[in-house]
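Contents: one structure, followed by commentary.
Where a number appears in this text, it was derived from the coordinates with a stated rule and is not lab data. As the structure is a prediction and not an experimental result, all values here were calculated from the model. Counting neighbours? That spans all protein chains shown, and the Cβs are built from the backbone with ideal geometry, glycine included.
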Amino acid sequence: MIRLAIQKSGRLSEDSLNLIRECGISFIASSYKLKTEATNFPLEILYLRDDDIPGYVQDGVADLGIVGQNVLVEAGYPELELEPLGFSKCRLSLAVARAAHYDSVADLQNKNIATSYPAILGKYLAEHGVQANLHTISGSVEIAPSIGLAEAICDIVSSGSTLLGNGLREVETVFRSEAVLIANQHLNEEKRELLEQLQFRMQAVRRARRNKYILLNAPTASLAAVKALLPGIKSPTVTALAEEGWVSVQSVVNEDDFWHITGQLKAVGAEGILVLPIEKMIS
Ligand SMILES: Nc1ncnc2c1ncn2[C@@H]1O[C@H](COP(=O)(O)OP(=O)(O)OP(=O)(O)O)[C@@H](O)[C@H]1O
Ligand SMILES: O=P(O)(O)OC[C@H]1O[C@H](OP(=O)(O)OP(=O)(O)O)[C@H](O)[C@@H]1O
Ligand SMILES: [Mg+2]
């Protein structure tokens, strides 16, 4: 049995649970139970406050965890990170009141800055040769300038709407973060084997999410151009259509390139383009 700690309720929770489920692992989640056992994989899930996850994994109370890099690095255990998981992407940024004078980070010299991330911010300021007074608060950081607690803040930003709604302006990106899988560094052989199986499944799920299955019809005369646009995993599958002079082409495209490539496919004569999600992708 391997123990995985995830956030009980918050920005990481839903995506963490979805990832475990998409790995084919079934369990009964209840908002009251803080521990569940999977029914078809030797996995126990612990539901914790995200701030506690790095320490629990470091101490071996949990074997694995899913947590934001911001919290992991702030806790001082960056070495526990195994792989990024592609969700809960955000940044830690410095912000000042919209009307405040700001040219560069040097303007923060001797200023009061409110943050929940004193370690990450302290390192950033030291690297930029800035000495400031850090006020550590655990939440609602964006309120600090408007109540006279600080001239600047350093907190999580995603869409920027919390900053906007509190009359603040983002001035520096201090740290970029996303959810990561972390592991205790002294797992026994049996747990290492389970971790490997879990990572294999997670990678298959993530690869599938990043790619789409594409089917199209093209005139045989355009096949070379279509093949050049669709490299596929090894190479595209090409089959003849019942109608003379036409082929059906099947391949896999990266989601990031998808719109660009479909435009080019149409331009070389492709028709009837179908795009399907991929459930798992194993290389
Ligand atoms: N707006 C956002 N967009 C994307 N990711 C975010 C956002 N806010 C936070 N995150 C990421 O999700 C993590 C958890 O955020 P959340 O706001 O749920 O934390 P919390 O309030 O400290 O939760 P807990 O109650 O577990 O301590 C953050 O550490 C960060 O990595
Ligand atoms: O740039 P935005 O898209 O507005 O996101 C940023 C906000 O999101 C997070 O808070 P959350 O909403 O998770 O609430 P919390 O402070 O209770 O954790 C974070 O602490 C910021 O306040
Ligand atoms: Mg927290």
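Using every pair of alpha-carbon atoms in the chain, split the distances into 10 Å bins beginning at 0 and state the percent of pairs per bin, rounded to integers. Taking every Cα pair in the chain, the percentages come to 6, 23, 21, 20, 18, 9, 2, 0. Note that region 42-52 has calculated 3J(HN,Hα) couplings of x, 10, 10, 10, 9, 9, 10, 5, 4, 4, 7 Hz, one per residue in order, obtained from phi through the Karplus relation 6.51 cos²θ - 1.76 cosθ + 1.60 (θ = phi - 60°); glycine and proline are x.
Structural descriptor for region 90-177: relative contact order 49 percent, calculated from alpha carbon pairs under 8 angstrom and at least 6 residues apart. Just check region 136-263 against the gyration tensor rule for me: Cα atoms, a ≥ b ≥ c as the square roots of the eigenvalues, rounded for a/c under 1.5, and otherwise prolate or oblate depending on whether a/b exceeds b/c. It is oblate, given that a/c is not under 1.5 and a/b is not larger than b/c.
Indicate the gyration tensor shape class of region 90-177 (rounded, prolate or oblate), computed on the Cα atoms with a ≥ b ≥ c the square roots of the eigenvalues: a/c under 1.5 is rounded; otherwise a/b larger than b/c is prolate and the rest oblate. Rounded is the answer for region 90-177, as its axis ratio a/c remains below 1.5. If you plug the beta carbon distance of Asn18 and Glu127 into 1/(1 + (r/R0)^6) with R0 = 45 Å, you get a FRET efficiency near 0.80. Listed by chain and number, the lysines whose C-alpha is less than 19 Å from the C-alpha of Lys8, apart from same-chain residues fewer than 8 away, are Lys33, Lys35, Lys89. The 3J(HN,Hα) values that the Karplus relation (6.51, -1.76, 1.60; θ = phi - 60°) gives for region 90-107 are, in residue order, 7, 9, 9, 10, 8, 9, 10, 4, 3, 8, 5, 6, 7, 10, 7, 4, 4, 5 Hz. Gly and Pro appear as x. Entry note, the chain: the mean residue ellipticity at 222 nm calculated from DSSP H runs of n ≥ 4, each adding -39500 (n - 2.57), is -8000 deg cm²/dmol after division by the residues and rounding to the nearest 500. The lysines whose alpha-carbon is closer than 27 Å to the alpha-carbon of Lys111, local same-chain residues fewer than 8 away aside, are Lys123. Kindly provide the trypsin sites (Lys or Arg not before Pro) of region 1-55 that DSSP labels as loop, not H, G, I, E or B, and whose Cβ sees at most 16 other Cβ atoms within 10 Å. Sites meeting the loop and neighbour criteria: Lys8, Arg11, Lys33, Arg49. According to the Cα-based calculation, Rg over Rh for region 202-252 is 1.08, with Rh computed by the Kirkwood formula. Here the calculated FRET efficiency for Ser235 and Lys89, from their Cβ-Cβ distance with R0 = 25 Å, stands at 0.15, rounded to the nearest 0.05. Proximity of backbone amide H atoms, modeled 1.01 Å from N, is registered between Leu181 and Leu82, Glu83, Leu85 at under 5 Å, excluding neighbours fewer than 5 places apart on the same chain. Report relative contact order for the chain in percent, whole number only (criteria: Cα-Cα under 8 Å, sequence separation at least 6). With pairs under 8 Å counted, the relative contact order is 19 percent. Among Glu74, Glu81, Glu255, sorting on how many other beta-carbon atoms sit within 10 Å of each Cβ, with the fewest leading, yields Glu255, Glu81, Glu74.
One Cα centroid belongs to region 52-68, the other to region 104-149; the line between them spans 27 Å.
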